[in-house]
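Contents: one structure, followed by commentary.
A short reminder: the numbers here are calculations on the coordinates, not readings from a lab. Note that this is a predicted model, so its numbers are computed, not measured. Neighbour counts run over all protein chains shown; Cβ positions are idealised from the backbone, glycine included.
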Amino acid sequence: MKVLVIGRGGREHAIVHKVALSKHNPTIYAAPGNAGMNANLVNINEEDKEALLKFALEEKIDLTIVGPEASLATGIVDLFTENGLRIFGPKKNAAIIEGSKKFAKDLMKKYNIPTAKYESFDDFDSAKAYLDKIGAPIVIKYDGLAAGKGVVVALNYDDALAALKDMLLDNKYGKANVVMEEYLEGPEFSLMAFVNGKNVYPMVLAQDHKRAYDNDLGPNTGGMGAYSPVSLITDEDLDFAIKEIMNKTAEAMVLENRSFLGVLYGGLMKTKNGVKVIEFNARFGDPETEVVLPRLESDIIDVINDLIDEKEVTLKWSKEKTLGVVMASIGYPNDYKKGFEIKGVDPNDTIYHMGTAIKDGKLVTNGGRVLLVVGKGSTMKEAQENAYQKVSKIECENLFYRKDIGYQVIK
Ligand code: AMP
Ligand code: GLY
C-alpha cells in the first residue's frame, strides 16, 4: 500500500518512522518531507492542496496523513474526501477548533467544558476598557493563526496594553478579534486523542517545554523538548480530562455539525481548581508526537484505518519512558542563521529532523528548530541521561538546547 505524509518537521518524521514499522509494508511518500526521512520525498508544498490532490490521484495513494495545521486550514481533507481519497485529519469546519480561539472558547462555554474565563473583542477601545476593569495578570490571544506568536501572557498592565495595541490598532498579524482571558497557574500537559465523531481514543500523556531557556526562562517557542508519560498528573486528573474535556468536546463538535476526524490535541493545565483547557489543536502536537509515537506498539496504519472505518480501535503502549531534546539554531525563536554543517547524527539513534537540509552532500541546519533527539529508559532519569548522551555526540557550531528537559518530574 501507498501512504502519503504531508509536512516537513519532526512531527512528520516521527509519523513516517512509525508508518515504516507497519506490517502492511507501505511505500511512503512525504510532501515535502525532510532530509532525515526514509521516504520518497515529493516536492510539493504542504498548503498546495490542488497539487497534492493531483499527486495522490496519479500515484493512487491509499492513505494520506496530514501533519501541519496550515494544511488542514486549506480544506485539504474536504478536497481529498470529495475525490474519493482516504485521508486522516479534520475537515476545514472542524479544524477551526484550532484556527479560531474564539470558536474554541465559545464552544467550551456552551458545553460547559472547563477553561479560563474570557471575553472577546474586535476593537481597541472596548478591549482597553476591559483591561482597565480586570487588570493584570491577564492573557491576550489573537484570534487567528500567528505562527505561535499570538499569545501574550501579560504579567503587568503595560505589557497587556502593548499587546492590545499590536493586535487591534496596528493589526500586526492581520485583522481579527482578540480573546482576553483569566490568567491560570499550574503545570501544563498535553493529551492527544485519536477521534472520529464521538469515538475518542486517548494517547499517553506528554509535556512540552515552551520557553527557550533552562528553568522556563526566555521567550516562548514552538517547544524545546518533551517527555512521556507525565507523572505529575494523577489517574484521577486523567480520567477527568478524558471524560469532561476530550469526550465532551468530541460530542460537542458532532452536535455542532462539525464532526471531528483526526487527532484532537488538548493543551491542558492542572490548576488548583482542577484540570482546564488552555488550547485545542486539530493535529498531532510538535514536539509531543516525537515522544508519544515511539511508545505506540499498535500498528499505526491499523489504528488510523479502524478509526476512519468506525471500528473499535486498540491502542497498546510501551511502559518505556521517552524524553526528547530539541536542538535549535542560536537566536531562535528570533532571527537565526542557516547552513551550518551538522556532524555526528548517528543513524542508530532516534533523531527526528525538524529543520535540516542536504547541501553539497552535507547535512546542514535549515530552520529554527533543527533536530529532536529522543532518549529512552525504564525511568525518566534514564531516558533523560540517554537523550543527553546522544545530544553530546552531535557537533554543530550554531546549535543550542535546554539542559533541563523533564525537570518537573526528575528529582
Ligand atoms: P496557547 O497558544 O493558547 O497554548 O498559549 C501558549 C502558552 O501561553 C500556553 O502554553 C501557556 O503557557 C500560556 N497560556 C495560555 N493561556 C493561559 C492562561 N489562561 N493562563 C496562563 N497561561 C496561559
Ligand atoms: N507543542 C504544542 C503544539 O503542538 O502546538
Most exposed first, judged by fewest Cβ atoms within 10 angstrom, Leu363, Leu371, Leu191 run Leu363, Leu191, Leu371
Computed from the beta carbon distance with a Förster radius of 60 Å, FRET efficiency for His24 and Lys175 to the nearest 0.05 stands at 0.80
Straight-line reach check, Lys272, cutoff 18 Å on alpha carbons, 8 or more apart in-chain or any other chain, hits among aspartates and glutamates -> Glu181, Glu182, Glu185, Glu188, Asp235, Glu236, Asp237, Asp239, Glu244
Most packed first (mean Cβ within 10 Å per residue), the peptides 28-34, 210-216 order as 28-34, 210-216
In deg cm²/dmol, rounded to the nearest 500, the helical mean residue ellipticity at 222 nm of the chain, built from -39500 (n - 2.57) for every DSSP H run of length 4 or more, is -7500 deg cm²/dmol
Expected sort for Lys60, Lys362 with the fewest Cβ neighbours (10 Å cutoff) up front is Lys60, Lys362
Lys60 and Val153 label points (each 7 Å along its Cα→Cβ direction) are spaced in nm at 5.2 nm
Counting sequence-distant residues (5 or more places) and residues on other chains, those with an amide H built under 5 Å from that of Gly375 are Leu323, Gly324, Val325, Ala387
Going through Lys141/Lys403; Lys101/Lys133; Lys270/Lys376; Lys60/Lys175 one by one, the pairs whose alpha carbons sit over 31 Å apart turn out to be Lys60/Lys175
Length gained, Ile308-Lys2, 0.36 nm per residue minus C-alpha separation, equals 108.5 nm
Of the listed links Lys172/Lys276; Lys110/Lys248; Lys338/Lys359; Lys110/Lys276, those spanning more than 19 angstrom between alpha carbons are Lys172/Lys276
By Cβ neighbour count within 10 Å, fewest first, His24, His209 rank His24, His209
